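Participant: One structure, pasted below without further comment.
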Amino acid sequence: MIPLVRIDNRLLHGQILETWAPRLGVREVVVADDAAASSPLAKAAMTLALPPDLPARVVRVDEVDWAGLAARKEPVLVLLREVASFARAIAGGLTPALARRVNLGNVHYAQGRRPVTPSVFLSKEELDVVVAAAADGFEVEARAVPSDDPAGPAALLARYNAAAGG
């Protein structure tokens, strides 16, 4: 099963290992990222920090077997670097039936992005992907750690619009 797909620029890092993995009871982490999958250094850096009982795989976004991961009995956490990767995952077969919950954890500031949480900045196009995914049945939220209050698509849209002046 896939209890959560997380979008986080940092991919696999301490926040994942210390808060999300234990909370979700995950038994494997799949990092779906083209750049990391093509870099032996990135793969090594991410997997070296893992406890021995939590394996991780680093694969290209289009190599993820969404149905296979969802059919597993043990929970698998999937990490994506950006909203565009989430859109590619949907185009590649990810559906709410396979992984209902999607978390925006950290999306760095870039030109054209507005703050929607202290750690998530979205462009209009990225916000459109998030809102469309929610309309299609994904439970989309933004929060850094499980103890934070989640912000759903309506709150993200309101915050995006409120940030227009700043």
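Participant: What percent of all Cα-Cα pairs in region 1-97 falls in each 10 Å bin, counting up from 0?
Facilitator: Taking every Cα pair in region 1-97, the percentages come to 16, 54, 29, 1.
Participant: Can you list the equivalent-ellipsoid semi-axes of region 59-116, largest first and in whole Å, using the square root of 5 times each Cα gyration tensor eigenvalue? Walk me through the numbers on the way to the answer.
Facilitator: On the way: eigenvalues 116, 30, 20 Å².
Value: 24, 12, 10 Å, ordered largest first.
Participant: Now for a different question. Go ahead and collect, in residue order, the members of region 123-161 whose backbone nitrogen is under 16 Å from a label point 7 Å along the Cα-Cβ direction of ARG10.
Facilitator: 143-148
Participant: Where Lys and Arg each count +1 and Asp and Glu each count -1, what net charge lies around LEU80 among other residues with Cβ under 14 Å from its Cβ? Don't jump to the answer; show the numbers that get you there.
Facilitator: Details: positive: ARG6, ARG10, ARG57, ARG60, ARG81, ARG88, ARG101; negative: ASP8, ASP33, ASP34, ASP62, GLU63, GLU82, GLU126.
So the surrounding residues net to 0.
Participant: Which whole-Hz ³J(HN,Hα) couplings does region 25-40 yield from phi under the Karplus relation 6.51 cos²θ - 1.76 cosθ + 1.60, θ = phi - 60°, glycine and proline marked x?
Facilitator: x, 5, 10, 7, 10, 10, 9, 9, 7, 4, 5, 5, 5, 8, 10, x
Participant: Also, I was wondering about something else. Using amide H atoms built in the peptide plane, which far-off residues or other-chain residues are under 5 Å from GLU28 H to H?
Facilitator: Distant-sequence amide H within range of GLU28: LEU77.
Participant: Full extension from GLU18 to LEU41: what is 0.36 nm times the residue separation minus their Cα-Cα distance, to one decimal in nm?
Facilitator: 6.0 nm
Participant: So, one more: Rounded to whole Hz and in sequence order, give me ³J(HN,Hα) for region 146-159 from the Karplus expression 6.51 cos²θ - 1.76 cosθ + 1.60, θ = phi - 60°, writing x for Gly and Pro.
Facilitator: Computed from phi, the couplings for region 146-159 are x, 7, 6, 6, x, 10, x, x, 5, 5, 5, 5, 4, 5 Hz.
Participant: Still on this model: Can you run phi through the Karplus equation (6.51, -1.76, 1.60; θ = phi - 60°) for region 113-129 and list ³J(HN,Hα) in whole Hz, with x for Gly and Pro?
Facilitator: Residue by residue, region 113-129 yields 9, 10, x, 10, 8, x, 10, 10, 10, 10, 7, 4, 5, 5, 4, 4, 4 Hz.
Participant: Would you please calculate the Kirkwood hydrodynamic radius of region 93-166 over all C-alpha pairs and express it in Å, rounded to one decimal?
Facilitator: On the way: mean 1/r = 0.0800 Å⁻¹.
Hydrodynamic radius (Kirkwood, Cα only) of region 93-166 equals 12.5 Å.
Participant: Starting at 0 and stepping by 10 Å, how many percent of the alpha carbon pairs of region 34-89 end up in each bin?
Facilitator: 20, 50, 30, 1
Participant: For every helix of n ≥ 4 consecutive DSSP H residues, a contribution of -39,500 (n - 2.57) applies; sum these over the chain, divide by its total residues, and give [θ] at 222 nm rounded to the nearest 500 deg cm²/dmol. Spell out each step's value before the answer.
Facilitator: Details: 7 runs with 54 residues, N = 166.
My calculation for the chain gives -8500 deg cm²/dmol from helical runs alone.
Participant: Collect residues whose amide H, placed 1.01 Å from N in the peptide plane, falls under 5 Å from the amide H of SER123; neighbours closer than 5 in sequence don't count.
Facilitator: Amide H to amide H, under 5 Å and 5 or more residues apart or across chains, SER123 pairs with ARG114.
Participant: I've got another one for you. If eta is 1.306 mPa s and T is 10 °C, what Stokes-Einstein diffusion coefficient results for region 31-166, Kirkwood Rh from Cα pairs, in µm²/s? All intermediate terms of the calculation are to be shown ahead of the outcome.
Facilitator: Details: Rh = 16.0 Å.
Estimated diffusion coefficient is 99 µm²/s.
Participant: For a footprinting-style exposure proxy, rank PHE86, PHE121 by other Cβ within 10 Å, fewest first.
Facilitator: Numbers: PHE86 26, PHE121 21.
The most exposed by this proxy come first: PHE121, PHE86.
Participant: As a footprinting exposure proxy, order ASP53, ASP65, ASP149 by other Cβ within 10 Å, with the fewest listed first. Mind showing how you got there, number by number?
Facilitator: Numbers: ASP53 6, ASP65 12, ASP149 9.
By the 10 Å Cβ count, ascending: ASP53, ASP149, ASP65.
Quick note: the coordinates plus some simple rules give every number you see, no bench work behind them. As the structure is a computational prediction, the values presented were derived from the model and not from experiment. Glycine also receives a Cβ, built like all others from the backbone with ideal geometry; neighbour counts cover every protein chain displayed.
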